[in-house]
Amino acid sequence: MRILVLGINYWPEEFGIAPFSTGRCEYLASRGHEVTICTGFPYYPEWRISDPYRGQITAKEARYGVTILRSWLYVPGRVTSTKRILHEGSYIAASLLRALGQRKPDVLFVTSPPLGLSVAAVMLSRLWRIPYAFHVPDLQPDAAVDLGMLKDGKLVRALYGLERRPIVKPPWSQR
């Protein structure tokens, strides 16, 4: 099976969602699946692109049977609410463009954060007429509200709606 994964963090990052994404992709590849991940350049937890990757727009690597497609993303030196939104938005756009350049997969697997990546998942699923899974292990709106980065309101309610969005079976598969 051809599996395309979208996830902002991946090996060699050792914290946050990266070990989870890396482990999942490598496991699926070890089971004989053709796995490709569209990810960013390593930056976390330092919030600085790692030296071997600095100055690049895209890169292609392979590790343990996984094709790793890296794309530029905006990484702020000092994280604020606005800069975090720009950071995540730059990854969403870059991963969507990178995914569109790939051969049609059999299934799409998307991991949040960023929560807005669900929009890319829906678009790609509809375009390619394939199922997708959207995994939300990190509840971003709760953290943003708790940290005072966002105030409760329409935006926060919309983000909660994205979190609750179920794994979707495309309508054409329900005949």
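The values are calculated or read from the model by the stated rules, or taken from the named source; none is laboratory data. Quick caveat, the model's predicted, so the values are computed rather than measured. Here Cβ is always computed from backbone atoms with ideal geometry, including for glycine, and neighbour counts include all displayed protein chains.
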With touching a helix residue (DSSP H, G or I) at 6+ places or on another chain (Cβ under 7 Å) and small (Gly, Ala, Ser) as the only criterion, which of 81, 21, 71, 50 stands out?
71
Tell me the residue from 49, 8 that is more than 23 Å from residue 130 (Cα to Cα) and not in a strand (DSSP E or B), please.
49
Within segment 30-45, is there a residue that is within 18 Å of residue 108 (Cα to Cα), assigned to a helix (DSSP H, G or I) and touching a residue at least 60 places away in the same chain (Cβ under 8 Å)?
no
Can you spot a residue in segment 132-140 that is surrounded by 14 or more Cβ atoms within 10 Å (Cβ to Cβ), among the aliphatic types (A, V, I, L, M), at pLDDT 70 or above and touching a Lys or Arg at 6+ places or on another chain (Cβ under 9 Å)?
yes
Does segment 47-57 include one or more residues that are at negative phi and surrounded by 20 or more Cβ atoms within 10 Å (Cβ to Cβ)?
no
Residues (modelled with pLDDT of 95 or more and out of contact with any His (no Cβ under 8 Å at 6 or more places or on another chain)) located in segment 1-17
4, 5, 6, 7, 8, 9, 10, 11, 12, 13
Quick one: in segment 106-117, of everything that is part of a loop (DSSP other than H, G, I, E, B) and surrounded by fewer than 20 Cβ atoms within 10 Å (Cβ to Cβ), which residue is modelled with the highest pLDDT?
106
Those residues that are under 16 Å from the mean Cα position of the chain (by Cα) and more than 16 Å from residue 112 (Cβ to Cβ), I need them from segment 60-86; list them, please.
66, 67, 68, 69, 70, 71, 72, 74, 75, 86
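Taking the options 84, 103, 78, 129, name whichever one is surrounded by 14 or more Cβ atoms within 10 Å (Cβ to Cβ) and not aromatic (Phe, Trp, Tyr).
84
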Failed condition for residue 92, given (1) modelled with pLDDT under 95; (2) assigned to a helix (DSSP H, G or I); (3) under 19 Å from residue 49 (Cα atoms); (4) β-branched (Val, Ile, Thr), with all others met?
(1)
The lone exception for residue 97 - which of (1) out of contact with any Phe, Trp or Tyr (no Cβ under 7 Å at 6 or more places or on another chain); (2) in a helix (DSSP H, G or I); (3) crowded, with 16+ Cβ neighbours inside 10 Å it fails
(3)
Go through segment 87-110 and report how many residues are of a type in the set (Lys, Arg) and under 12 Å from the mean Cα position of the chain (by Cα).
1
Taking the condition at pLDDT below 95, crowded, with 21+ Cβ neighbours inside 10 Å and of a type outside the set (Val, Ile, Thr), does residue 121 pass?
yes
